Structure formats: C-alpha cells, structure tokens
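In what follows, a single structure is set out as structure tokens and then discussed.
Derivation of every value follows stated rules applied to the coordinates shown; laboratory data play no part. Only a predicted model underlies this, so the values are computations on that prediction, with no experimental measurement involved. Positions of Cβ are backbone-derived with ideal geometry, glycine not excepted, and every protein chain shown enters the neighbour counts.
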Amino acid sequence: QHDMPSQRITQRRSSGLTSRFRNGGAGGGALPLTTDDTQKQRKRRRRVATSFYIRWAVIALVATLVLFVLRLSTSYFLGSSSEPSTSVQTGNSNKINNSDAQRRAYLMNRDNTLPLSQFTELSFALENSDLVALYFAAAWCPMSTPVSLALDSAFGDSDEILPTKSTTSNRERKALSIVYISSDETLHEYNNYLHDRNWIGIPFGSPQRRELKMHFSTCAQRELQELGIDRKHEIPTIIVIDSKTHGILTTNGANDVERMGKSALDHWRELQQNIREASRAMLS
C-alpha cells in the first residue's frame, strides 16, 4: 500500500516527460526531424530550385528568339543592299544568307527603286544579261591573276557572256556579264588588263568606280584610307548580282570560278532560281 502513491507519482512524471517530449519540450516545439523528414525537405528544395532554373531558362530562350526575330525583321526591311556575309561561303550558306538581300531587292522592286539604279555605268550589263558578275581586282595584285585566268578559261570564248558595248551589234540578252571594277593605279594598267577580254570595265576616270567600292565595301588594302570604309571583302572578289532584282546571289564568285570553271554559271543560276522562288513565296 505504501508503494501505490509512489507508483502513481512516477507514472505522472513519466507521462509529463512524454508529453513534453512530444510537444518539443517546455517551449511546445515540433518533434525532432527524422532522417526521412530531412530527405523529404531536401527533395522539396531540389524540386523548387529545378523549377526555378527551368522557368528562367524558358524565359531566356523566349527573349533570345524575340530578339532574333526583331533583328531579322529590322535587317529585312531596313538593311543595306549590300551582302552582309563574309567573302568565303559554302553553297548552302549562300542560299540562306543571301536570301535576305534578295528579298529586300524584291521589296524594292515593287516600288521601282532598285538598289543599283544609281550606278549608270552598270545599266548596260543589268539591262542585257540575267546575271552580273562584279569583279573587283587589279593588275598589280598577284592574287587577282589566277582568278582572272580562271575567268578567261571558263568564259573567254563563251557565247553566254555579254560582250562589251563596242563589240555589240545587237541587244540579244545574255546569261552573264562580267564587270571589271579595278583598283589599278594607272590608266595604262587598267587598259592592259582589259585588253582582249570580254569584260565590261567601269571607266578608270569614272567616280562610280570609287562609289561601287564603297557601296559593296570591297577594295584593296591600299585603298582603305582613301575610301574610309569598313571593308567586308578584299580583292580579288566576285559579287554576283541578279539583274532583275539587283539582289546579291553570292560574294564568293571568285572561289566558284576557280573551283567549278564554267559550271559556276549553272551554280549561280540555281542560286538565282532558289532565291527568287523563296522571295515570291514570302511576298505572296
């Protein structure tokens, strides 16, 4: 009997300790975290962090796409008429990069304001041939020599080349005209380089010789200071133009002629057809 009160007191103390333990001690806090609880919290934090990063990645991607579309739209409607790409391209990049210049030319054509209309020295070539190869070179430039020889070999005796004005008896339209935009230092050099060649030369004393170099940002190293331009292409360079739209088909014509010979003309025709079809589809 004397042991009964002691047992009840012990039970109450034990019950009180258990209650305080369950309530987190005297402060009534939560139970201590178990290993499972810690792992669940870590997983929850990882899920939150992953979701956060995914959301920001999506936002960054959308922003990049929007900026790309805006830049493309600005270039499409307001860009210059010259080719923005580098002087070395593959056939596929020609089709992709040059399409913007060609589409701009089609838009300009609807307003009857073609980008090369200001250059009267090009009028004969543009009006009488389907394609115009603008050849930027110089007699003194050793790198121009193999390109000039490749042009002679591919098109020197070709019936598809538009002859010069002085040798043209009729105005039969030709597939290609080669226009020489020289960086020669003297008239003598200029005349000797054109001698016996079926190229149409921009007159040595014409201011349009300089203006065409500035328009296409193409010149010799020694002319940079005089022209004051941000050069895109050095000499020798052949820029092939669609005479209907004045759009640039390729700035890599020199490499095309050296690599393909007379087949370069077929390659340029294919570029012309592909770009025209893409432009018509876009404008329809």
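Amide H of Val179: which non-local residues (sequence gap of 5 or more, or other chain) have their own amide H closer than 5 Å, using H built in the peptide plane?
Here the answer is Ala133, Leu134, Tyr135, Ile200, since their amide H atoms fall under 5 Å of that of Val179.
Calculated FRET efficiency, Ile229 and Ala57, Cβ-Cβ r, R0 51 Å, to nearest 0.05? Let's see the in-between values first.
Working: r = 41 Å, r/R0 = 0.81.
Here the calculated transfer efficiency is 0.80.
Work through the residues other than Leu131 whose Cβ is under 14 Å from its Cβ and net out their charges, Lys, Arg +1 and Asp, Glu -1.
On the way: positive: Arg173, Lys174, Lys244, Lys262, Arg269, Arg276; negative: Glu127, Asp130, Glu160, Asp242, Asp256, Asp266, Glu270.
Residues close to Leu131 contribute a combined charge of -1.
Provide the packing ranking of 174-182, 129-137, 55-63, 189-197, i.e. peptides ordered by the mean count of other C-beta atoms within 10 Å per residue, highest first. Write down the numbers at each step before the final one.
On the way: 174-182: 22.9, 129-137: 24.6, 55-63: 10.0, 189-197: 14.4.
Put in order of decreasing packing, that is 129-137, 174-182, 189-197, 55-63.
Could you please state, rounded to a whole Å, how far the C-alpha centre of the stretch 118-180 is from the C-alpha centre of the stretch 229-268?
One Cα centre to the other: 12 Å.
Residues with amide H under 5 Å of Ser129's amide H, sequence separation 5 or more or different chain, H placed in the peptide plane at 1.01 Å from N; which?
Placed amide hydrogens put Lys174 under 5 Å from Ser129.
Can you give the convex hull volume per residue for the Cα atoms of the stretch 125-263, as a whole number of Å³? Mind showing how you got there, number by number?
Details: hull volume 14.8 nm³, N = 139.
For the stretch 125-263, the hull spanned by Cα atoms encloses 107 Å³ per residue.
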